[in-house]
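A.B. asks: There's a structure below that I have some questions on.
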Amino acid sequence: MSDDPFAAMSPAMRRLATFPLPIRRAIFWLMWHYGWLIGRSKTIRAYRSDFLRYLGVPLRHLGSLERRLTFHYTFCVFELATFLGRKTEGLIEDLRHVDIENAEALKKLSQDDRSVIFAPLHMGSNVFAMVVLIYLHFRGRNILILRKGAREVESYIFQRVKDIGSEVRFMFVDDKASFVEALRFARRKAVIICFCDLPPHFGSPESVELLGRPARMAMGIEALARAVDAPIVPLTIFSRMSCEKVIVGKPFEVGSSAPAERLRVARRIADHVTNAIRLAPEQWQLWCILNRFLDELAKPEDGEGSGRPQADHPYAMAAE
């Protein structure tokens, strides 16, 4: 797959991506649904056993869940394209169509001089939602985004945050040389974006329970919170056709580096991930690498699962 997830997008779809949020989403849904009816959109059925085993989805509901998953697989890429063609004024206009639950917690944190860590999942139109939160509550703050390797398109999209008056930097978790500089940047009243649903090879793995099964997840977020003395804010983000929904979880602190405290934080993060996935399973973008998390799907020799689809989704590739 090309590093550009928009390479196969038609000029008409690129043009549609510049429309206001409710209009473009309504038209996109109609176009996709028509394509599915006439057989253009092939339903993704690769995760049927996962839905049955880990979510307990009744057989009669599997087809509906698979169709919704297939829709969101393409929809999230389409929504990213808005950052390529929509002007800053249009992006700001779209702010009216974001529903934030528990915004009071963000308002309180914005009045604090400390940095704050956003902990979203790979769900919904997460980039757009985080830009909204920064614009509404943390405008002008430094933004630090943790990544593993550079991808040109996503880097450009995040750089659009500069249009709303915030300086953006990336910290690549596999580049030790930039770590100290990034921490200095993050301590200066920054907003740090650290996805919390990352497989163990991202570092500092911890054994937890995910979707009711033994699993391992990367927990670098715990060490980061201690290093910069910042609260962690769990975020659940999912898309509706009329708006983007953001649920702001209760912020929490990391008390110490003691094993018991590390385990407490890991369990809290894993519970957050599990609850978010169960809320809107069709919008979680990492089903294709579930084997990287769950012990029962991993091969002892290399941590890979067998017989699972290749991770060709743009968000899944970012979590490779």
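A.B. asks: Looking only at helices (runs of 4 or more DSSP H) that lie completely in the stretch 57-100, which have at least 1 residues being farther than 21 Å from MET130 by Cβ and either of a type in the set (Val, Ile, Thr) or modelled with pLDDT of 90 or more (or both)?
C.D. replies: Numbers: elements: 59-80, 82-85, 88-93.
Of the helices (runs of 4 or more DSSP H) lying wholly inside the stretch 57-100, those with at least 1 residues that are farther than 21 Å from MET130 by Cβ and either of a type in the set (Val, Ile, Thr) or modelled with pLDDT of 90 or more (or both) span 59-80.
A.B. asks: Criterion first (closer than 25 Å to PRO214 by Cα, open to solvent by 30 Å² or more (accessible area, probe 1.4 Å) and modelled with pLDDT under 90) does ARG53 satisfy it? Break it down stepwise before answering.
C.D. replies: Values: closer than 25 Å to PRO214 by Cα: yes; open to solvent by 30 Å² or more (accessible area, probe 1.4 Å): yes; modelled with pLDDT under 90: no.
So ARG53 does not fit the description; no.
A.B. asks: Here is a list of conditions, (1) under 30 Å from HIS97 (Cβ atoms); (2) buried (at least 21 other Cβ atoms within 10 Å of the Cβ); (3) of a type in the set (Asp, Glu), and ASP271 meets all of them except one; can you say which number that is?
C.D. replies: ASP271 satisfies all of (1) under 30 Å from HIS97 (Cβ atoms); (2) buried (at least 21 other Cβ atoms within 10 Å of the Cβ); (3) of a type in the set (Asp, Glu) except (2).
A.B. asks: Right, another one. Quick one: in the stretch 241-268, of everything that is basic (Lys, Arg) and in contact (Cβ under 8 Å) with a residue 12 or more places away in the chain, which residue is surrounded by the fewest Cβ atoms within 10 Å (Cβ to Cβ)?
C.D. replies: LYS250
A.B. asks: I need every pair where a residue in the stretch 121-140 that is farther than 11 Å from GLU244 by Cβ and open to solvent by 20 Å² or more (accessible area, probe 1.4 Å) has its Cβ under 7 Å from the Cβ of a residue that is small (Gly, Ala, Ser) and modelled with pLDDT of 85 or more, sequence separation at least 6 or different chains.
C.D. replies: HIS137/SER110
A.B. asks: Can you tell me which residues in the stretch 67-86 are more than 20 Å from the chain's Cα centre (by Cα) and free of Cβ contacts under 8 Å to residues at least 60 places away in the same chain?
C.D. replies: Answer for the stretch 67-86, where residues must be more than 20 Å from the chain's Cα centre (by Cα) and free of Cβ contacts under 8 Å to residues at least 60 places away in the same chain: just ARG67.
The values are calculated or read from the model by the stated rules, or taken from the named source; none is laboratory data. The model shown is predicted, which means the values in this text are computed figures rather than measured ones. Positions of Cβ are generated from backbone atoms using ideal geometry, with glycine treated the same way; all protein chains shown enter the neighbour counts. All accessible areas refer to the heavy atoms of the entire protein, side chains included, with ligands and DNA or RNA removed. Shrake-Rupley method; radii C 1.70, N 1.55, O 1.52, S 1.80 Å.
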